[in-house]
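What follows is a short report on a single structure.
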Amino acid sequence: MSAVAEQTRLETRMLADRINALEESSTLAMTKMARELASKGHRVISLSVGEPDFKTPEHICEAAKKAIDDGFHGYSPVAGYPDLRKAIADKLARDNNIDWKPENIVVSTGAKHSLANVIQVLVNPGDEVVIFAPYWVSYSEMVKLAEGKSVIVDGAFENDFKVTAAQLEAAITPKTKIVMYASPNNPTGAVYSETELREIAAVLEKHEGVYVLADEIYEYINFTDEGHFSIGSIPALKERVITVNGVAKGYAMTGWRIGFIAAAKWIAEGVEKLQGQVTSGTNSIAQKAATAAFNGPMEPSIEMAKAYHRRRDLVVGLLKDIEGFKVNVPQGAFYAFPDVSYYFGKSDGETTIKDSDDFCNWLLNNSYVSTVAGSGFGAPNCIRISTAASDESLIEAVQRIKDAVATLK
Ligand SMILES: Cc1ncc(COP(=O)(O)O)c(C=O)c1O
């Protein structure tokens, strides 16, 4: 073994088991590889990152500047400033028909942090967490960190990647603690309708010790006529639903890192206790910006959603034209999630594509378009393509993909 390999082996042994057991985030890994190729001078089109390509609206930026001038420089309360928690409670009443008080809200460093907090607070070793697949890459790793067991339930392509109430019923056991899902969904763009969520709720009503972690971070990027429905608005489940949301996607504020939970007081207090020992209150300036976002005009978010809708149509139309690609029509968020398994086993003469990881790596190295393999999302036949890019980039990227796969035989 070389000296470098030996050093790496020793270092890995020194890391805690829980870290060695964790997967690296596949979306961040792909983005890193794309950056490396770009730094070598290649014209990479990066469609791997889950990030709006819009700027944060002006009135929100102004609120942040004012917060600095007004001297919000100190530690903030662990659960968030009272005016932000009130703004979130008002938003939940206005948009989601959810009636919680500010004391039921805890603000954290992004919705990712909110989700991880809840899992740490509710999951004991061995508890089962039912995850609707395809799912966002971090869910199963968060469960692993809490020593829980992920129970993955697959939404069928034919059902727009959505899990049915009957499938959920079959997955629940006496050990089930949480059911978690995102709607609109990353990576599929699937949106659960009110009818579907009421059917799911009817199953959950029968299982008293089961909690629901409803990730609504893409709420404002929804292309359906019906619009968004929150399972937390169903009175019979209110005490057991933890609604998670934030500012990242709908207000183009990924870097500001503000997310929140809305939940029964004992859960909110558990999250506050954890956060009090680990991170304290989140960034003071970003909280003031988020307050302006939740209290302010929705037009910028509506305009962004319109642009994502238009690009969805553009990209889905172009992808459907590629031989072998099976494409669903996303109803929200900003991703396309084609099934590319037609190409598994095919080769360009040098490389044989075995799975979606191979497919994405090969695509990046041959067409300089970065996408993310579906394997990390629990859907190994698919790849995720972000549509949060300009029309020109999207058109060129899909053309490059089309040209590249035409060489696979
Ligand atoms: C489904 C889903 N939930 C949560 C998050 C995290 O959001 P935030 O940036 O607020 O941490 C993301 C971000 O990609 C996501 O796709």
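Evaluated at q = 0.24 Å⁻¹, a Debye calculation over the C-alpha positions of region 296-409 (equal weights, vacuum) places log10 I(q)/I(0) at -1.43.
Considering all C-alpha pairs of region 131-190, those separated by over 16 Å amount to 42%.
Annotation for region 244-268 versus region 87-146: alpha-carbon center distance of 9 Å.
Can you pull out the trypsin sites (Lys or Arg not before Pro) in region 5-89 that DSSP calls coil and that have at most 10 other Cβ atoms within 10 Å? Taking region 5-89 and a limit of 10 other Cβ atoms within 10 Å, the loop trypsin sites (Lys or Arg not before Pro) found are LYS40, ARG43.
Two decimals, Cα atoms only, Kirkwood Rh: what is Rg/Rh over region 13-167? Walk me through the numbers before you get to the answer.
Working: Rg = 20.1 Å, Rh = 19.7 Å.
Over the Cα atoms of region 13-167, Rg/Rh equals 1.02.
Each DSSP beta bridge with both residues in the chain is either parallel or antiparallel, and the antiparallel ones are about 45%. Entry comment: accessible area of region 1-98 is 66 Å² per residue, from protein heavy atoms only and a probe of 1.4 Å. Pairs exceeding a 25 Å alpha-carbon distance, out of LYS91/LYS206; LYS86/LYS112; LYS91/LYS249: LYS91/LYS206. Summary value for region 219-343: 24 percent relative contact order, contacts being C-alpha pairs under 8 angstrom separated by 6+ residues.
What does the highest-first list of 235-242, 296-303 look like by mean Cβ count within 10 Å?
Working: 235-242: 17.5, 296-303: 14.4.
Ranking, from highest mean packing down: 235-242, 296-303.
If I compute solvent accessible area with a 1.4 Å probe over the protein chains, what percent of it on region 72-170 is carbon and sulfur? Intermediate results must be reported in sequence, preceding the final value.
On the way: 2190 of 4030 Å².
The computed percentage sits at 54.
Straight distance only, please: which lysines reach the Cα of LYS40 with their own Cα at less than 16 Å, same-chain residues fewer than 8 apart left out? LYS40 reaches LYS32.
Express the Stokes-Einstein translational diffusion coefficient of region 180-230 in µm² s⁻¹, to the nearest whole number, given a Kirkwood radius over alpha-carbon pairs, 20 °C and a viscosity of 1.002 mPa s. Roughly 185 µm²/s, to the nearest whole number.
Ranked by accessible surface with a 1.4 Å probe, highest first, in what order do ASP225, ASP215 come?
On the way: ASP225 165, ASP215 10 Å².
Result of the area sort, largest leading: ASP225, ASP215.
Look at the alpha carbon pairs under 8 Å that are at least 6 residues apart: their mean separation over the length of the chain gives a relative contact order of 22 percent.
With one equal scatterer per alpha carbon and no solvent term, the Debye-computed log10 I(q)/I(0) for region 148-266 at 0.13, 0.15 1/Å reads -0.52, -0.69.
Report summary: the helix-based calculation at 222 nm, which adds -39500 (n - 2.57) for every DSSP H run with n ≥ 4 and divides by the residues of the chain, gives -13000 deg cm²/dmol. Sparsely packed loop sites in region 71-112 (the chymotrypsin sites (Phe, Trp or Tyr not before Pro) outside DSSP H, G, I, E and B with at most 15 other Cβ atoms within 10 Å) comprise TYR75. One equal scatterer on each Cα of region 247-331, no solvent, Debye formula: the resulting log10 I(q)/I(0) at q = 0.20 Å⁻¹ is -0.97. The smallest convex shape that holds all Cα atoms of region 188-331, its convex hull, gives 160 Å³ per residue. Stokes-Einstein, applied to the Kirkwood radius of the chain over Cα pairs at a viscosity of 1.306 mPa s and 10 °C, places its translational diffusion at 72 µm² s⁻¹. Span-like helix criteria (full DSSP H runs; alpha carbon extent of at least 18 Å along the helix axis; mean Kyte-Doolittle hydropathy of at least -0.5) are satisfied in the chain by 26-39, 265-278, 299-320, 391-405. Just the protein heavy atoms count here, and of the accessible area of region 292-409 at 1.4 Å, carbon and sulfur take up 51 percent. Pairs of Cα atoms nearer than 8 Å and 6+ residues apart set the relative contact order; for region 165-211 it is 51 percent. Report, to the nearest whole %, how much of the accessible area of region 220-289 belongs to carbon and sulfur atoms, 1.4 Å probe, protein only. C and S fraction of accessible area: 49 percent. A 1.4 Å probe run over region 214-358, with the rest of the protein chains in place, finds 38 Å² accessible per residue.
The values are calculated or read from the model by the stated rules, or taken from the named source; none is laboratory data. The shown structure was predicted, so the numbers you read here are calculated from the model rather than taken from an experiment. Positions of Cβ are generated from backbone atoms using ideal geometry, with glycine treated the same way; all protein chains shown enter the neighbour counts. Remember, those area values only see protein heavy atoms, side chains included, never the ligands or the DNA or RNA. Shrake-Rupley method; radii C 1.70, N 1.55, O 1.52, S 1.80 Å.
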